[in-house]
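Chemist: This structure is in structure tokens; I'll ask about it shortly.
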Amino acid sequence: MPVIKSLKADDMINLIKRSVARIADNPALFTLLRRILENNFRGEKKVLRRELPVPEGQSILDVGCGTGEFAPLFEAARYTGIDLHERYIAYASKRHPGYTFQVMDACQLEFPDQSFENVLVLGMLHHLPEEIAQQVLGEVRRVLKPAGTVVIIEDVPTRSWFNLIGRLIHWLDLGSHIREPDQYQQLIEPFLEVQETCPMRSGVCDYQVFVCQGQE
């Protein structure tokens, strides 16, 4: 009897996780859900306005741009967003005409060396095992101009025991490599100089911000 109950519980967990995967595969629905959970991304937008105020004329590469939610914070003519998810890129291109979005593997960026003054990596590394994350960071370093700026914002374990919704979101998150802040820093430092790091909260979600500079 306990075995039957356990199997039913496992079936329920698998059903929930399959439902989350279906939501994630729908760009409009996924973006709406994230806006609700993250208070319309106010935390991220505040950090980006403060830490990545890209001067007019400078380029910005948004690695793992998803649905392009943060593209309007930057100059359209100098913005490039890349993501592996074709539906996300199609959705972002439709929602943000004038901005450049491309389907591309972040492990093999199709840009020449030193192409961008600024790079944004937001909510991507927690989806990647260490070896793949290192490849992405190596590519970021390659396409970054000398002394360029990189802002990395990543999910971290929920900081408050009382944030039960945040804990549930992490349990359901498709990213299975959520790390502690010091683990992210150790991952980043061989490739970029971490100049500043700070915690950030967006709705029910906890993040760590890393403001980095290219190594000369």
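The values are calculated or read from the model by the stated rules, or taken from the named source; none is laboratory data. These numbers come from a predicted model, not from an experiment. Here the Cβ is made from the backbone with ideal geometry for all residues, glycine too, and neighbour counts use every protein chain on show. What goes into the accessible areas is simple: the full protein's heavy atoms, side chains included, and nothing from ligands, DNA or RNA. Shrake-Rupley method; radii C 1.70, N 1.55, O 1.52, S 1.80 Å.
Chemist: Return the residues of the range 70-94 that are surrounded by 20 or more Cβ atoms within 10 Å (Cβ to Cβ) and in contact with a strand residue (DSSP E or B) (Cβ under 6 Å, 6 or more places away or on another chain); say none if nothing qualifies.
Modeler: Once the filter is applied, which keeps residues that are surrounded by 20 or more Cβ atoms within 10 Å (Cβ to Cβ) and in contact with a strand residue (DSSP E or B) (Cβ under 6 Å, 6 or more places away or on another chain), the range 70-94 yields A71, F74, Y79, T80, G81, I82, I89, A92.
Chemist: Sticking with this structure for a sec: Out of (1) over 25 Å from E56 (Cβ atoms); (2) open to solvent by 30 Å² or more (accessible area, probe 1.4 Å), the odd one out for A133 is which?
Modeler: (2)
Chemist: Residues in the range 166-192 that are in a helix (DSSP H, G or I) and either modelled with pLDDT of 95 or more or within 13 Å of F210 (Cα to Cα) (or both): how many?
Modeler: 8
Chemist: To continue, here is another question. Among the residues of the range 97-119, is there at least one that is assigned to a helix (DSSP H, G or I) and at pLDDT 95 or above?
Modeler: Checked against the condition, which is being assigned to a helix (DSSP H, G or I) and at pLDDT 95 or above, the range 97-119 yields no hits at all.
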